[in-house]
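In what follows, a structure is listed as structure tokens, so that the remarks can point back to it.
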Amino acid sequence: MEAAFAKPDVEDIADRITNAVMEHRLPPGIKLAEERLASAFGVSRTKIRQALTMLSREGLVKLFPNRGAFVTSPTVQEALDLFATRRLIEPEIVRNAIARSDKADLKRLRAHLAAEEDARKRGDRRTIIKLSGAFHMLLAEVAGNSFIEKLMAELCPLTCLIISLYDAPQTPACPENEHVQIVDAIERKDEAEAVRLMLRHLDHVRNELRLGEAEKQDIDWDQMFG
Ligand SMILES: [Zn+2]
């Protein structure tokens, strides 16, 4: 085993590209050339292609026949439409969660809140963004409407991407404590308050975004991934 010189596997490559996008080092719309990435990572083009396919399923990368792969570049309008859709769906999630959740569900939600709190304490921004999205997915799961759950599975990764593209690097993904307040209201079965808190929460997240044009920059691929 030559652990120190082990070549990255497909998942490592996908993770490192995801990090570069989340940390604003790769701007939206930039071309992800297979050849360049293969040489930067020191792996075959096949591995790069597999990583890009994986990322395209998560919505982070768009693949175009004959043109290649690009970092997804949601427009301002798409970002606004996405939040408008979530505003429609998530009150129903909250209502269903109140009607259908049991003690075990509430325990899972509380455990998730603790993990979020922990990531905040460590200042681990990437994990904070991921866990913030995962909270809304978990709530959809607890709510138990499988059609809404599928919709949320599509909307959540895209929301993460929009947040990481458009927010100022210092702002949190979901404002602190708001998830806790929502779960408290669900546990009290206070439907009107839980719905009000969820809508206020989504508005806060949307209002944190700086929905302007991202700037182009020169990328040193070998330095970034080599
Ligand atoms: Zn949230």
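The values are calculated or read from the model by the stated rules, or taken from the named source; none is laboratory data. All of these numbers come straight from a predicted model, not from anything done at the bench. Cβ sites come from the backbone with ideal geometry, for glycine too, and all protein chains shown count toward neighbours.
Each row is one residue, and each column tells you yes or no for (1) acidic (Asp, Glu); (2) within 16 Å of the ligand (Cβ to nearest atom).
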| site | (1), (2) |
| --- | --- |
| ALA51 | no, no |
| ILE93 | no, yes |
| LYS107 | no, no |
| ALA114 | no, yes |
| GLU141 | yes, yes |
| GLU149 | yes, no |
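Test PRO28 against the stated conditions and say whether it is in a loop (DSSP other than H, G, I, E, B), farther than 27 Å from LEU199 by Cβ, free of Cβ contacts under 8 Å to residues at least 40 places away in the same chain and not assigned by TED's automatic domain parsing to the domain that holds PHE147. No. In this entry, ILE128 passes the filter for residues that are touching a Pro at 6+ places or on another chain (Cβ under 8 Å) and on the phi < 0 side of the Ramachandran plot.
Just checking, does the stretch 99-109 include any residue being in a helix (DSSP H, G or I), surrounded by 13 or more Cβ atoms within 10 Å (Cβ to Cβ) and free of Cβ contacts under 8 Å to residues at least 24 places away in the same chain? The answer is no, given that none of the residues of the stretch 99-109 is in a helix (DSSP H, G or I), surrounded by 13 or more Cβ atoms within 10 Å (Cβ to Cβ) and free of Cβ contacts under 8 Å to residues at least 24 places away in the same chain. Restricting the stretch 59-73 to residues that are over 18 Å from ARG25 (Cβ atoms) and either part of a loop (DSSP other than H, G, I, E, B) or polar (S, T, N, Q) (or both), the residue that is nearest to the chain's Cα centre (by Cα) is GLY59. Here LEU88, LEU161 are screened, and the one residue that is crowded, with 19+ Cβ neighbours inside 10 Å, away from the ligand (no atom under 14 Å from the Cβ) and of a type outside the set (D, E, K, R) is LEU161.
Among the residues here, VAL71 qualifies as out of contact with any Lys or Arg (no Cβ under 7 Å at 6 or more places or on another chain) and more than 30 Å from ALA194 (Cα to Cα). Inspection of the stretch 137-159 identifies at least one residue that is closer than 18 Å to LEU60 by Cβ and among the polar types (S, T, N, Q). Taken over the stretch 181-206, residues that are touching a Ser or Thr at 6+ places or on another chain (Cβ under 9 Å) and within 11 Å of the ligand (Cβ to nearest atom) amount to 1. Taking the stretch 166-180 as the range and being more than 16 Å from LEU109 (Cβ to Cβ) and either at pLDDT 75 or above or near the ligand (Cβ under 10 Å from one of its atoms) (or both) as the test, the residues that pass are TYR166, PRO172, ALA173, PRO175, GLU176.
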